[in-house]
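For reference, the structure discussed in these notes is given below.
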Amino acid sequence: MSDFIPDLNKIEPISQTNGMLDPFGRMVSYLRVSVTDRCDFRCVYCMAEDMTFLPKKDLLTLEELDRLCTVFIEKGVKKLRLTGGEPLVRRGIMELVRSLGRHLDSGALEELTLTTNGSQLHRFADELYDCGVRRVNVSLDTLDADKFAKITRWGRLEQVMNSLEAAKKAGLQVKINAVALKDVNEHELEPMMQWAHGEGYDFTVIETMPLGEIDEDRTDQYLPLSLVRQRLEGKYSLLPIPYKTGGPARYVKVEETGGRMGFITPMTHNFCESCNRVRLTCTGTLFMCLGQEDAADLRVPLRESEGNELLSNAIDEAILRKPKGHDFIIDRTSKPSVGRHMSTTGG
Ligand code: SAM
Ligand code: SF4
């Protein structure tokens, strides 16, 4: 059992400040929280098979995560995404979701959501809805069971399919996220789009990013989305639409399917000019950019005082250091642009 049982009756409503403005005039209103670096899959583009995870004692407690998130919400965060590692393998995670849901009730937070690999979602879908979650991102790179097992190393497609069913029944809106992988799923992206739209899901494709050492060569995996888009445009009418979810995806409406398709292109089209987000790890480290090493330690100010002033000042200082952007490169000679894995910073 987890030790985190928030007494929601005792929690005061929060009053929000005017927001966190970075040096480039971007308002930071989106926080992604990696609640654990652990995962029950080992996707080939994300992790090495024999990953070393953080000792459990280094993790912030759920209570501490709740306090940190609450301070961010007070400072202007409107959208909060729980991610990981796999967020749904963290013990007691639903207590954190329920507790954060109070900020939806008060109107301070506009959206509470999560990114999941779908392995456990069937167990939590109803409860997530009950806590105020309305949309979830489910990562799925293929509909072929053998290929799925190869990509995730430890996953089974059936688990994810059951979860998608459960999410639908629970009333959760689903977006399928697929990482585009050369020779692996590149010719499956079109049927996946057809399937996703047929099921009523949005479908987003993502370019693989050079984050952390993996067992394979990233040059072999990398597929530019400009190519994917060009191929789709040969067969479908992709109409750019202003739809925004607060994230980096650019959306089109696919006229033939009536569905929405997103493109996340960190490599071929840098989207940093409109970046509105920061990322918090499960140890309380704040990364102001997914693609840079600079970070701020929030665990010390969190633990040093019961009040939130030190923490709030540390966040202000960190936001002033938010860099202009990332500079990812994938080639055979270079090491990963950033040493830490996506599962550490949270995707
Ligand atoms: N485990 C959850 C999942 O897979 O949805 C949440 C964390 S995972 C790190 C978040 C997203 O990052 C997933 O959609 C995954 O496909 C993507 N991802 C992981 N490593 C990546 C990389 N090197 N480049 C691009 N996307 C990556
Ligand atoms: Fe786990 Fe998600 Fe990384 Fe796959 S992408 S290994 S599911 S954290």
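The values are calculated or read from the model by the stated rules, or taken from the named source; none is laboratory data. Bear in mind that the values here come from a model prediction, so they are computed numbers and not experimental data. Glycine gets a Cβ as well: all are built from the backbone with ideal geometry, and neighbour counts include every protein chain shown. Just so you know, the surface numbers come from the protein's heavy atoms only, side chains and all, with ligands and any DNA or RNA stripped out. Shrake-Rupley method; radii C 1.70, N 1.55, O 1.52, S 1.80 Å.
Below are the figures for this structure:
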item	result
Any hit, region 153-166, residues being in a helix (DSSP H, G or I), surrounded by fewer than 18 Cβ atoms within 10 Å (Cβ to Cβ), acidic (Asp, Glu) and more than 14 Å from ligand 1 (Cβ to nearest atom)	yes
Members of region 201-241 found to be more than 12 Å from ligand 1 (Cβ to nearest atom), in contact with a strand residue (DSSP E or B) (Cβ under 6 Å, 6 or more places away or on another chain) and not in a helix (DSSP H, G or I), listed by number	201, 202, 203, 236, 238, 239, 240, 241
Search result, residues across region 69-90 that are within 16 Å of ligand 2 (Cβ to nearest atom) and surrounded by fewer than 19 Cβ atoms within 10 Å (Cβ to Cβ)	89
Among residues of region 167-178, those that are part of a strand (DSSP E or B) and open to solvent by less than 20 Å² (accessible area, probe 1.4 Å), counted	5
All positions within region 230-261 that are open to solvent by less than 30 Å² (accessible area, probe 1.4 Å) and farther than 20 Å from residue 141 by Cα	236, 238, 245, 246
Where a residue in region 41-53 is within 16 Å of residue 217 (Cβ to Cβ) and open to solvent by 40 Å² or more (accessible area, probe 1.4 Å) and its partner, wherever it lies, is at pLDDT 90 or above and within 6 Å of ligand 2 (Cβ to nearest atom), with Cβ under 9 Å and at least six apart	49/42
Any hit, region 18-33, residues being within 16 Å of ligand 1 (Cβ to nearest atom), basic (Lys, Arg) and either outside any loop (DSSP other than H, G, I, E, B) or farther than 21 Å from residue 323 by Cβ (or both)	yes
Test: residue in region 91-113 that is in a loop (DSSP other than H, G, I, E, B), within 16 Å of ligand 2 (Cβ to nearest atom) and touching a residue at least 12 places away in the same chain (Cβ under 8 Å)	no
Within region 179-191, considering residues that are among the hydrophobic types (A, V, I, L, M, F, W, C) and not in a strand (DSSP E or B), the one modelled with the highest pLDDT	189
Residue 129, sole failed condition from (1) touching a residue at least 40 places away in the same chain (Cβ under 8 Å); (2) more than 27 Å from residue 216 (Cβ to Cβ); (3) hydroxyl-bearing (Ser, Thr, Tyr); (4) within 16 Å of ligand 1 (Cβ to nearest atom)	(4)
Any hit, region 283-291, residues being among the aromatic types (Phe, Trp, Tyr) and under 22 Å from residue 44 (Cα atoms)	no
Top-ranked residue of region 300-330 - restricted to ones that are under 22 Å from residue 211 (Cβ atoms) and either among the hydroxyl-bearing types (Ser, Thr, Tyr) or open to solvent by 40 Å² or more (accessible area, probe 1.4 Å) (or both), ranked as modelled with the highest pLDDT	321
Selection count, region 141-152, where residues are open to solvent by less than 50 Å² (accessible area, probe 1.4 Å) and part of a helix (DSSP H, G or I)	4
Matching residues, region 267-282, being open to solvent by less than 20 Å² (accessible area, probe 1.4 Å), in contact with a Ser or Thr (Cβ under 9 Å, 6 or more places away or on another chain) and not in a strand (DSSP E or B)	281, 282
Subset of region 180-229 [open to solvent by 40 Å² or more (accessible area, probe 1.4 Å), in contact with a helix residue (DSSP H, G or I) (Cβ under 9 Å, 6 or more places away or on another chain) and among the small types (Gly, Ala, Ser)]	200
